[in-house]
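Remarks on the structure that follows.
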Amino acid sequence: MNIKKLILEGEGVRLDFKKTITHVHKIAKTMVSFANNRGGVILVGVMDDGSIKGVKSEEEEKYQLTKAGTFYCKPSIEPIFTEYEIDGKIVLAVVIEESEVKPHYALGEDEKWWAYIRVKDKSVLASKIVVDVLKKETKGDNNLIIYTTKEKALLEYLADNERITLLEFCKLINISRRRASKILVNLVLSGVIRVHSTEKTEYYTAA
């Protein structure tokens, strides 16, 4: 792993910088978002701007990360540690692998369990639809899509429009959020449409 090259790339979907591990709730959120996506690396001892601060105690940082993965992530997540010396300072690289048992949840400060996914350089709360997709991916469900007038209406809309939200889909064919969600989940899993999450909204596009 070329740490200097990684740092130059900056934080993103698979990379997060931490000066130090101070809040287990927050680091659990990052760990969960990586496990629910394609995995990622947390570099401890690196500032948000990419400058290398180094860690004071690698063992303390490892302890906090292991505690977060064991008690604040459900199912638990086992981080993989590697230490690097850069310019006389120690940087702790923490690899979080993509999980085979999605979705993972992080224990919030409100004592509730929440699922997160990685969007750009942020760990974002996963919607119910995304959680359902993660659950069905893990089970290996391959739903056979039967195209009713509802599915056809959605695909015709996306042929003429760039995107659609859950609420817009509900209004388009006049059905409940629950039924619309089920259709969207099945179409995402079959690869017909894609789900896009942002910090503020979630929308769907043709695949």
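Note the full-extension length gain between T205 and S57 as 0.36 nm times their separation in residues minus their Cα-Cα distance, in nm to one decimal.
Stretched out fully, the T205 to S57 stretch lengthens by 48.6 nm.
Given +1 on the Cβ of Lys and Arg, -1 on the Cβ of Asp and Glu, and no further charges, what dipole in debye does the chain carry about its Cα centre, rounded to the nearest 20?
Once rounded to the nearest 20, the dipole reads 780 debye.
Find me the longest stretch of the chain that has none of the exposed GluC sites (Glu not before Pro), where exposed means in a DSSP loop (not H, G, I, E or B) with at most 15 other Cβ atoms within 10 Å.
Longest run free of exposed loop sites: 1-96.
Between the DSSP loop rule and a limit of at most 14 other Cβ atoms within 10 Å, which trypsin sites (Lys or Arg not before Pro) in the range 178-207 are left?
Hits after loop and neighbour filter: K200.
Just one of (1) 31, 19, 15; (2) 34, 18, 17; (3) 38, 17, 14 is semi-axes √(5λ) of the Cα gyration tensor in Å calculated from these coordinates, so which is it?
(3)
Considering only Cα-Cα distances, which of the following residue pairs are longer than 25 Å: K5/K120; K26/K102; K62/K139; K139/K182?
Where the Cα-Cα span goes over 25 Å, the pairs concerned are K62/K139.
Among R163, R118, R38, rank each residue by its count of other Cβ atoms within 10 Å, from fewest to most, as a rough exposure measure.
Ordered from fewest to most neighbouring Cβ atoms within 10 Å, R163, R118, R38 come out as R38, R163, R118.
For C73, C170, what's the fewest-to-most ordering of other Cβ within 10 Å of each Cβ?
The fewest-first ordering by Cβ neighbours comes to C170, C73.
Which order results if Y157, Y116, Y204 are arranged by neighbouring Cβ count within 10 Å, fewest first?
The fewest-first ordering by Cβ neighbours comes to Y157, Y204, Y116.
First measure r as the distance between the Cβ atoms of S190 and K67, then evaluate 1/(1 + (r/R0)^6) with R0 = 45 Å and state the FRET efficiency to the nearest 0.05.
That pair, S190 with K67, gives E of 0.70.
For the chain, modelled as a GNM with alpha-carbon contacts under 10 angstrom, which of H196, H25, H104 fluctuates the most?
In this elastic network of the chain, the residue with the biggest mean-square fluctuation among H196, H25, H104 is H196.
Only the coordinates and a few stated rules stand behind these numbers; no lab work does. Bear in mind that the values here come from a model prediction, so they are computed numbers and not experimental data. Neighbour counts run over all protein chains shown; Cβ positions are idealised from the backbone, glycine included.
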